[in-house]
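Novice: The structure's right below; bear with me while I get my questions together.
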Amino acid sequence: MDMAGRLAEYALSVKFRTLDARTVKEMKARTVDALGCAIGAYDEEPVSFARKFASRAAGGGPSTLLGTSKSSPPPVATFVNGLMIRYFDFNDTYLSKEPAHPSDNLAPCLAVSQAEGRDGKELLAAAVVAYEVQCRLCDAADIRHRGWDHVNYGLVSSSLAAAKLMGLGLAQAVHSVNIALNGHIAMRQVRAGELSMWKGASFANAARNAVFAAMLAREGMTGPSPIFEGEMGFFNQVSGPFDLDTRGFGGKGGKFRVADTYLKYWPAEYHAQTAVWAALEIRKKVSDMERVESVLVETHEAGYTILGKDREKWAPRTKETADHSLPFMVGMALLHGTVDNSTYGAASLDDPANLAFVRKVRVVEDPALTAAYPKAMPNRITVRVKGGRGASAQVDVPRGHPGNPMSKEEIEAKFLRLASGKVRDQEAREALGRLWKLEEERELGGVLSLLRVGGHSKA
C-alpha cells in the first residue's frame, strides 16, 4: 500500500474509545485555546474581509461562522474560522524537522462535524487524527528549506480528518489526499520578507481545499496516484523521499502527538517565546531602558532564519511582519515589559521611540543553541548599558511547552481574556465548561452559539 493509503487506513481506524484519557484532555485544552484565539480575532481586518466574502457565498450552509449566528458551506466556514484561529499567531505550535500549528486543523474538523451531524466524541477523534498525521509528517521531512510552506502537510491531515468525519471509505479517503495534495501546494514566500495578511490565511486556505477535496472524493472524483511516490509526486517535487510507519502512530504502538504540541503564553511566533521570557528577566536587572546601548539576541537556526534574517524585521510595516520579528518582539518586551496584541498595532509600529530601540538590537545564530533545537528553543539576550553594568539572560523552554506546561487555569484565563469585550462573560464561562466536557456534546451548534460576539447575530 502506498503512503496515502497507509495514512488513510490509519485515520479511519482511530475511534474515540481508543483514545487515552490524557490525549482527550489535551485535545480539549487545545480546542479551548484555539476557540479563544478565534473569538479574540473577530474584529481584525482580514477576518472582516473573509466574513464579507462568506456573506456573499451562495446559499448559506450547515457550518457556523464563529462569533455569529450565520453559517456557510463547510469549505467557506473552514476558511473563515481557520483564519480567525490563526490570525493572532497565538494558537498552538509543534516544532520538529518542519514546524506546524496543529490547531489550524480544528476549523475543518468543526465545519465538517457540523455539516455531518457529528457529536463531540467524533470531533475529538478526528482532531486527534489530524494532529497525529500533521505532526508525524513534520517529524519525517523538512520542506521549509526547500521553499515550501508547512501548510502543505495540513492538506493531508485536514483532508483525512474531513474524510473520517464524512464516513468515507478507504479508497475515497485516499483520493481526498490525492486531490488535495496535487492541486494546492503552497510556497514559503508567504513567510519571507515583509509578511502579508495571507500569512494567517495560508493554512485556512489549505484546509478549505482539503475539505473541498474530500467532498469531491465522496461524489466519486478520483485524484492522481500515487501522490507521494509517483514520478512527479510529492517526494520528487517537494519533500524528497521519506517513510512513515503508521504502526508506530498513536493508538498503534506509539503515543498520540497532541500532548507533545505547545501552547503559547505570548502572542508571538513560537521561536520567540523564550526570547520574550529572557527579555523580561533582563528587565528585573536593568531598570532604565533609556540607558541601553545595544541588545544582542543569540538564537538557534530556526529563530534566525524565520525571525531574524530579513531587513524588514527591523522596521515592520505589518502586524504579520512584527509578530515574526525577533528584534521587534525582544525590543518591545524590554521597552514595555510585555507583548500583547496591541504590540503589533499601527500606533506601536509607527512609534519613533519603539523603532529607535529596535535599531539597537542585533540577531545572530549560535550553533550551540541550534544543537539544542527542537527539544529546546533557546534564546540568549545580552544588554549593554551606558555607564553601567549590562545583563544577560537565557531561557530554553517557555511556558506552554510540554516541559513547562500551562495550567488549566492559565488556559482558561487566556480564553477569557481573548473573549472579553466580545462575548458576555456568563456565556464565555458556560462555553468553557461545556468545552471541557466536549465528549458529552450531542451536537456542536449549542456550544458554538455561546460564542456569538455581542451575544447576538453579528456579521
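The values are calculated or read from the model by the stated rules, or taken from the named source; none is laboratory data. Owing to the predicted nature of the structure, the values given are computational and were not obtained by experimental measurement. In this analysis, Cβ positions are derived from the backbone assuming ideal geometry, glycine residues included, and neighbour counts consider all displayed protein chains.
Novice: Listed residues K414, K408; which is surrounded by fewer than 21 Cβ atoms within 10 Å (Cβ to Cβ), outside the structural domain of M289 (by TED's automatic domain parsing), closer than 29 Å to E26 by Cα and touching a residue at least 12 places away in the same chain (Cβ under 8 Å)?
Specialist: Result of the check over K414, K408: K408.
Novice: Could you check segment 39-95 and list, in sequence order, the residues that are at positive phi, touching a Lys or Arg at 6+ places or on another chain (Cβ under 9 Å) and either hydrophobic (A, V, I, L, M, F, W, C) or surrounded by fewer than 24 Cβ atoms within 10 Å (Cβ to Cβ) (or both)?
Specialist: G60
Novice: Within segment 342-357, which residues are surrounded by 14 or more Cβ atoms within 10 Å (Cβ to Cβ) and either touching a residue at least 12 places away in the same chain (Cβ under 8 Å) or more than 20 Å from R283 (Cβ to Cβ) (or both)?
Specialist: Correct list: T343, Y344, S348, L349, N354, L355, F357.
Novice: Given (1) in a helix (DSSP H, G or I); (2) touching a Leu at 6+ places or on another chain (Cβ under 7 Å); (3) farther than 17 Å from A206 by Cβ, where does R118 come up short, assuming only one miss?
Specialist: Condition not satisfied by R118: (1).
Novice: Follow-up question, since we're still on this one. Looking only at segment 382-400, decide whether some residue is over 16 Å from W266 (Cα atoms), hydroxyl-bearing (S, T, Y) and without any contact (Cβ under 8 Å) to a residue 12 or more places away in the chain.
Specialist: No; the residues of segment 382-400 include none that is over 16 Å from W266 (Cα atoms), hydroxyl-bearing (S, T, Y) and without any contact (Cβ under 8 Å) to a residue 12 or more places away in the chain.
Novice: Does F212 meet the test of being in a helix (DSSP H, G or I), under 30 Å from G345 (Cα atoms) and not small (G, A, S)?
Specialist: no
Novice: OK, next. Quick one: which residue in L181, L155, L160, L168 is in contact with a Lys or Arg (Cβ under 7 Å, 6 or more places away or on another chain), among the hydrophobic types (A, V, I, L, M, F, W, C) and more than 22 Å from S325 (Cα to Cα)?
Specialist: L168
Novice: Quick check on segment 358-372: of everything there that is surrounded by fewer than 18 Cβ atoms within 10 Å (Cβ to Cβ) and in contact with a Leu (Cβ under 8 Å, 6 or more places away or on another chain), which residue is farthest from Y304 (Cα to Cα)?
Specialist: R362
Novice: Hey, does segment 126-138 have a residue that's closer than 23 Å to G251 by Cβ, hydroxyl-bearing (S, T, Y), touching a Leu at 6+ places or on another chain (Cβ under 9 Å) and surrounded by 24 or more Cβ atoms within 10 Å (Cβ to Cβ)?
Specialist: No, there is no match, as no residue in segment 126-138 is closer than 23 Å to G251 by Cβ, hydroxyl-bearing (S, T, Y), touching a Leu at 6+ places or on another chain (Cβ under 9 Å) and surrounded by 24 or more Cβ atoms within 10 Å (Cβ to Cβ).
Novice: Name the pairs: first residue in segment 153-173 and farther than 12 Å from A213 by Cβ and at pLDDT 95 or above, second residue outside any helix (DSSP H, G or I) and among the aliphatic types (A, V, I, L, M), Cβ to Cβ under 7 Å, at least 6 apart or on different chains?
Specialist: Filtered contacts from segment 153-173: Y153/A100.
Novice: Let me ask something else about it. Only one residue in D288, D260 is in contact with a strand residue (DSSP E or B) (Cβ under 9 Å, 6 or more places away or on another chain) and over 27 Å from L35 (Cβ atoms), so which one is that?
Specialist: Only one candidate passes the filter, namely D288.
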